[in-house]
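To start, the structure under review is shown below, and the notes come after it.
The values are calculated or read from the model by the stated rules, or taken from the named source; none is laboratory data. If you're wondering where the values come from, they're calculated on a predicted model, not measured in any experiment. Methodologically, a virtual Cβ is constructed for each residue, glycine included, from the backbone with ideal geometry; neighbour enumeration extends over all protein chains shown. The accessibility values were calculated without ligands, DNA or RNA, using every heavy atom of the protein model including side chains. Shrake-Rupley method; radii C 1.70, N 1.55, O 1.52, S 1.80 Å.
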Amino acid sequence: MSLKPHLRASVAAAKTQLTEGRDKLKRRHAAGAPGVQLCHALTDLVDAVVRELYEAALAELDGAAASALRESLTLVAHGGYGRRDLAPYSDIDLMLLYAPEAARPVAQFAERLTRDLYDSGLSLGHSVRTPNDACELALKDATIGTSLMESRHLAGSESLFTRFTRRYQQRLRRRGHKQMQAALKARAEERVQFGDTIYLLEPNIKRSPGGLRDLHLLRWTGYARYGVGDPEGLHLRGYLTQEDVRAIRKSHEFLLRLRNEMHFHAGKAHDVLDRAEQLRVSEALAYAGDEALLPVEKFMKDYFQATTNISQVTNHFVQGAQPGHRLRAWLAPLVGHQVQGGDYLAGPLEITATRRGKEKLAADLTEALRLADLANLYDKRIAYSACQVIRKAAPSYPEGVSSESARHFLSLLAQPARLGEMLRTLHDLRVLERVIPEYAHARCLLQFNEYHRYTVDEHCIRAVERCVELKNDPGALGEVYRSIKQKRVLHLALLIHDLGKGHVGDHSDVGLQFAIETARRLRLPPAETELLKFLVHKHLNMSHLAFRRDTSDEQLIVKFAVEVGSPEALKMLFALTAADFAAVGPGVWNRWKGEVLAELYRRTMQHLAGDGGAGAIDQALDERRRAVRAQLRTEDDLAWFNIEIDSLPSEYLRATPPQQVAAELKELRNLPGGAAIARGRYLAESHTVEYTISTRESIAPGIFHRLTGALSSQGLEILSAQINTLAEGLVLDRFGVADPDYAAAPPQSRIDAVCEQLVESLRAADGQRPSFRRTWSMRADAPRSVLPTQVRTDNNTSDRYTIIDVFAADRAGLLYRVTRALYELGLSVALAKIATHLDQVLDVFYVTDQHGHKITDDARLQAIESRLLEEINQHERQETSRASAY
């Protein structure tokens, strides 16, 4: 290895020592060395380098100056370096403590030492302080205070280090509560920045909830509250159970080994476990898949289990360390009133257990469910002390669900008050899986090939939480939710609707079997059992129809109404579908989706409730046509307008205000031959932009794929497409898009530029392909969906059209490639529904042949599927090659 000639011999030697030491440790890691062991070995390596550079810097001073500094200076490791948790490329936190009288020589020495440490290849966080300054800053700044709690002497005056630690501990004892609250506040702010839940799709293994920082928080809290931060020490003093310590130790080891792997591979500090890294790490750590779970899913299940353990132990410990916890327990008999025969006390904020109640909680699942039911009924949280009893006892509760347990659980599900909180508490305490055993498998289970942001268990509980929030919703959803009589069936269906994931087979079919078992276990009446089975088995049907099929097709609505069977089942399915969407992740549910679902709900309800069915819908469309004609009554050539109004597609009529329809028809009436007009408008309620293009079929061949290419080339995400071909060859196409370049409304200049590009695309020579903008995220190692590419044709749903469903990994220009292929296959697209979930697209096209007929020939259907698969796969290869070169 060649070294820079200007480096001092001591620095050059340190650099070599550090490089060779890291390489040796990397080999030990690859051979399977435990994470804790490797971090300690790395800390020893850095200790040796730092001490040698410290001594070398002192040695270059004259004898008297070096002697004076040795007595008035000490080098302190703190933070992660202080607790010997160094990862391969972590920053090392160092503090030079000095006696006030040595300020001048220390400044020069510190400059030399820090420069040498940087030159040796260490990432450094450093400070130079007197003991008094360090103590004062620690009590003012939570970050400094928590870091200095774990200080370790490295070199220099041991007596100065002892004076500092003694002074810091004295001040901490006096202000420990304030220091603890500051640490908790800082951690809460960090959690907001790095995610609000353990179950993040791409977590930061250090800073996201349940990560290493939560373990640090436990240590800081223990140190500030009890004077000891080590988990084993806290156990010896009775603040942590042996089970807590074992869970922490195992999870800590898992995260440290994972972090070492990520640092060594990156060659730098790297703590974000993104999807590409999840795939790589699961392979590097030799995870094996099976029929039900991919290797990456098994790895992430272990990751989430580790972070869940850390989060739960830390949260329980922090709750118990709060001074107010003991005060509330002491005051409970004075301010609370007895309930359930004196087993519990209901206070102003929480419900707690008496001694007799705790004895019952320690012995019986029924009692834990009874307490959750009471807490929900009284709208109060469960006291920490009662939770601790359940937490310790839950693993030894007898198997099975008694009739009394089932009664309390169903009673809990019937009341929205604190239902989400109670279910989350029961899951945290390992009680929920005693009632619904399938939750044990679903715990921490990530479906890598889905667009959900959360694990299966977290998503299901969030779905219940989103559903009960509908009780205060002022819109149609809230009205429907409040009118549902058997809410316990709806809440139960949401709680178990996705538990079939991670098993062999379609998760809805597996879920049906779980629903049957759950109904039997909870002793549901036959009618409620049938409803639960329907909701779980068919929980995707309403969203499938609303966003992947043409709901203007009355035949489809009639079939759906027959399948649902009753108004009450439709109400529940409507609320369940909305809650399921809302629980996928932030921003997934929006007003536009709500309106689409509500329209499907209203039209289906017209059939189920006997409100006129198809006749009422036809009447509504006729009324809309009359409203459009009223807007045009003063126009010339009313006969032309009447022909065009009669040819308007029903979906366009329902979704467009009469005055807008009239304006667009007038624009088409005055459109010169060979011309095109594009307009865009921002829709604030859905945070989308709607682009409308008016032209004639004769302007250019393949209008649809040209327009999709123009939009994609501008970096826009196409959410929906409505292709309207009217009488006399007039075209009125509409696209709903998201513009990722703007957090709010795009400026008018951006909308104008896109409109210009749309018009230009129709004037371009046939065969001229657009170029698609590359972004920073389009890199060679970006994770792609692990779902196989699929093309399916459906000739059963619609009487007029063949439906083509395309499932594929999202790539720039993919939609253009598919729609161009449809054009080249001689197919006419009447309707398109576009959806993108993370990196997975699900596009639906209603097509006919050039004569307006369905494609019924099996050989041609097979040829269409094969051609589209070939185009998609070729596009994937080309984009991967471009990304590698990018």
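Of all residues in region 245-275, those satisfying the criterion of being among the small types (G, A, S) and open to solvent by 20 Å² or more (accessible area, probe 1.4 Å) are A247, A266, G267, A269. How many residues are closer than 30 Å to L256 by Cβ, assigned to a helix (DSSP H, G or I) and open to solvent by 10 Å² or more (accessible area, probe 1.4 Å) when one looks only at region 56-80? Number satisfying all stated conditions: 1. Put simply, of D85, D91, D23 the only residue that is surrounded by fewer than 17 Cβ atoms within 10 Å (Cβ to Cβ), touching a helix residue (DSSP H, G or I) at 6+ places or on another chain (Cβ under 9 Å), closer than 23 Å to H265 by Cα and among the charged types (D, E, K, R) is D91. Whether any residue in region 494-505 is part of a helix (DSSP H, G or I), at pLDDT below 95 and under 27 Å from the mean Cα position of the chain (by Cα) is what I want to check. Checked region 494-505: no residue is part of a helix (DSSP H, G or I), at pLDDT below 95 and under 27 Å from the mean Cα position of the chain (by Cα). Is it the case that G210 is open to solvent by 30 Å² or more (accessible area, probe 1.4 Å), out of contact with any Gly (no Cβ under 9 Å at 6 or more places or on another chain) and not in a helix (DSSP H, G or I)? It is false that G210 is open to solvent by 30 Å² or more (accessible area, probe 1.4 Å), out of contact with any Gly (no Cβ under 9 Å at 6 or more places or on another chain) and not in a helix (DSSP H, G or I). Every listed requirement among (1) touching a residue at least 60 places away in the same chain (Cβ under 8 Å); (2) more than 46 Å from the chain's Cα centre (by Cα) is met by E60 save one, (1).
Residues of region 690-726 that are open to solvent by less than 10 Å² (accessible area, probe 1.4 Å), closer than 23 Å to K666 by Cβ and at pLDDT 90 or above: Y691, T692, I693, S694, T695, L707.
The set of residues from region 390-406 being assigned to a helix (DSSP H, G or I), open to solvent by 40 Å² or more (accessible area, probe 1.4 Å), without any contact (Cβ under 8 Å) to a residue 60 or more places away in the chain and not small (G, A, S) comprises P395, E404.
Within region 217-255, restricting attention to residues that are of a type in the set (F, W, Y) and closer than 20 Å to R84 by Cα, which residue is modelled with the highest pLDDT? By that ranking, first place goes to F254.
The set of residues from region 854-882 being open to solvent by 60 Å² or more (accessible area, probe 1.4 Å), part of a loop (DSSP other than H, G, I, E, B) and in contact with a Ser or Thr (Cβ under 9 Å, 6 or more places away or on another chain) comprises just one member, T856. Condition check for P34 on (1) at pLDDT below 90; (2) surrounded by 14 or more Cβ atoms within 10 Å (Cβ to Cβ): one failure, at (1).
Out of the residues in region 734-792 that are open to solvent by 30 Å² or more (accessible area, probe 1.4 Å), polar (S, T, N, Q) and part of a loop (DSSP other than H, G, I, E, B), which is modelled with the highest pLDDT? Looking at residues that are open to solvent by 30 Å² or more (accessible area, probe 1.4 Å), polar (S, T, N, Q) and part of a loop (DSSP other than H, G, I, E, B), I get T789. Looking only at region 222-241, decide whether some residue is closer than 30 Å to V389 by Cα, in a helix (DSSP H, G or I) and in contact with a Pro (Cβ under 9 Å, 6 or more places away or on another chain). For region 222-241, residues closer than 30 Å to V389 by Cα, in a helix (DSSP H, G or I) and in contact with a Pro (Cβ under 9 Å, 6 or more places away or on another chain): present.
Yes/no matrix, rows are residues, columns are (1) surrounded by fewer than 21 Cβ atoms within 10 Å (Cβ to Cβ); (2) touching a helix residue (DSSP H, G or I) at 6+ places or on another chain (Cβ under 6 Å); (3) at pLDDT below 90; (4) of a type in the set (D, E, K, R):
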{"position": "P526", "(1), (2), (3), (4)": "yes, no, no, no"}
{"position": "K533", "(1), (2), (3), (4)": "yes, yes, no, yes"}
{"position": "F547", "(1), (2), (3), (4)": "yes, no, yes, no"}
{"position": "L573", "(1), (2), (3), (4)": "no, yes, no, no"}
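Scan region 552-560 and give yes if some residue there is basic (K, R) and surrounded by 19 or more Cβ atoms within 10 Å (Cβ to Cβ), otherwise no. No.
Among the conditions (1) in contact with a Phe, Trp or Tyr (Cβ under 8 Å, 6 or more places away or on another chain); (2) open to solvent by 70 Å² or more (accessible area, probe 1.4 Å); (3) among the hydrophobic types (A, V, I, L, M, F, W, C), A9 misses just one, which is (1).
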